[in-house]
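First comes the structure, then the notes that go with it.
The values are calculated or read from the model by the stated rules, or taken from the named source; none is laboratory data. Everything numeric here is computed off the predicted structure, so don't read it as measured data. Neighbour counts run over all protein chains shown; Cβ positions are idealised from the backbone, glycine included. Surface areas here come from the heavy atoms of the whole protein model, side chains and all, with no ligands, DNA or RNA. Shrake-Rupley method; radii C 1.70, N 1.55, O 1.52, S 1.80 Å.
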Amino acid sequence: MKVLIIPEDPTHDQYILKPVVERIFHEIGRKVRIDVLGDPHLRGVDQALDRETITTIIDDNPMIDVFLLIVDLDCNRYRNKERADDREREHPGQLLTCLAVQEVEVWMLALHPGQIDEAWADVRADCDPKERYSDPFLNALGSDGPGKGRKKAMRALTGNWSRLVHLCPEIKDLQERLAEWSRSRTG
């Protein structure tokens, strides 16, 4: 089975999204090949949620079994949820969407308890957690290396999966939806 993750910008997001999606498929007992879309190199949520862009990506990749459009919710100030839902409805059975509350960097932060001096609910509710929490965390961790430190930070996924899905329920929802999708493909 082949899976293609469509991020709003793969430059840094790939280092968070790919290990999370790999773990989801591990949890549901499916062996898959997972890639992150790099061509076209999307730059921003508007491109990632554009109807024509998504249709072209799906049409250009007929060998992919399921596309995962994973973007930031960003407090839904640009109707990201509604636009993502529209894209999923336009490609039933081919495209599943997930919106990270409020940004995918929050998923990374969930793996590092005690590193943020703020209530978790406040981190999740902040419309710009990357600037306020993630960037300082990565600078303290050492933001050299792939993804400006994101790859290094995501190593904490091992041993912290339960914490992640508890603190970021949209991941658990995606896992359940992928398990259902997988069952529908195997009968």
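So which of I24, I34, I28, I64 is at pLDDT 95 or above and open to solvent by less than 10 Å² (accessible area, probe 1.4 Å)?
Working: I34 fails: open to solvent by less than 10 Å² (accessible area, probe 1.4 Å); I28 fails: open to solvent by less than 10 Å² (accessible area, probe 1.4 Å); I64 fails: open to solvent by less than 10 Å² (accessible area, probe 1.4 Å).
From the options I24, I34, I28, I64, the qualifying one is I24.
Among the candidates R150, R183, which residue alone is charged (D, E, K, R), part of a helix (DSSP H, G or I) and either under 15 Å from V104 (Cα atoms) or open to solvent by less than 20 Å² (accessible area, probe 1.4 Å) (or both)?
Going through R150, R183 in turn, the sole match is R150.
Out of the residues in the range 87-107 that are over 13 Å from the mean Cα position of the chain (by Cα), in contact (Cβ under 8 Å) with a residue 24 or more places away in the chain and open to solvent by 10 Å² or more (accessible area, probe 1.4 Å), which is farthest from Y15 (Cα to Cα)?
Among those residues, the one meeting the criterion is E90.
Of the residues R83, R132, R163, R89, which is of a type in the set (K, R) and under 20 Å from V21 (Cβ atoms)?
R163
Contact list please: Cβ distance under 8 Å, first residue in the range 13-24 and within 9 Å of A100 (Cβ to Cβ), second residue basic (K, R), pairs at least six apart or on different chains.
I16/R150
Kindly list, by first and then second residue, each pair from a residue in the range 116-129 that is under 22 Å from Y78 (Cα atoms) to a residue that is surrounded by 12 or more Cβ atoms within 10 Å (Cβ to Cβ) and at pLDDT below 95, limited to pairs with Cβ atoms under 8 Å and residues at least 6 apart or on different chains.
Taking only residues 6 or more apart or on different chains, the pairs are V123/I116.
Report yes if some residue within the range 112-125 is of a type outside the set (S, T, Y), open to solvent by less than 60 Å² (accessible area, probe 1.4 Å), closer than 25 Å to A48 by Cα and not in a helix (DSSP H, G or I); otherwise report no.
Within the range 112-125, not a single residue is of a type outside the set (S, T, Y), open to solvent by less than 60 Å² (accessible area, probe 1.4 Å), closer than 25 Å to A48 by Cα and not in a helix (DSSP H, G or I).
Could you grab me the full set of residues in the range 159-178 that are open to solvent by less than 40 Å² (accessible area, probe 1.4 Å), touching a residue at least 60 places away in the same chain (Cβ under 8 Å) and assigned to a helix (DSSP H, G or I)?
W161, L164, E170, I171, L174, Q175, L178
Name the one entry in A110, A84 that is in contact (Cβ under 8 Å) with a residue 24 or more places away in the chain and within 20 Å of R132 (Cα to Cα).
Details: A84 fails: within 20 Å of R132 (Cα to Cα).
Selected residue: A110, the only one of A110, A84 that is in contact (Cβ under 8 Å) with a residue 24 or more places away in the chain and within 20 Å of R132 (Cα to Cα).
Which residue pairs have Cβ atoms closer than 9 Å, lie 6 or more positions apart in sequence or on different chains, and pair a first residue in the range 56-72 that is farther than 15 Å from L99 by Cβ and of a type outside the set (A, V, I, L, M) with a second residue that is crowded, with 18+ Cβ neighbours inside 10 Å and at pLDDT below 95?
none
Is it the case that the range 6-17 has a residue that's farther than 28 Å from G145 by Cβ and among the hydrophobic types (A, V, I, L, M, F, W, C)? Write out each step before concluding.
Applying the first criterion (farther than 28 Å from G145 by Cβ) to the range 6-17 yields none.
Scanning the range 6-17, I find no residue that is farther than 28 Å from G145 by Cβ and among the hydrophobic types (A, V, I, L, M, F, W, C), so the answer is no.
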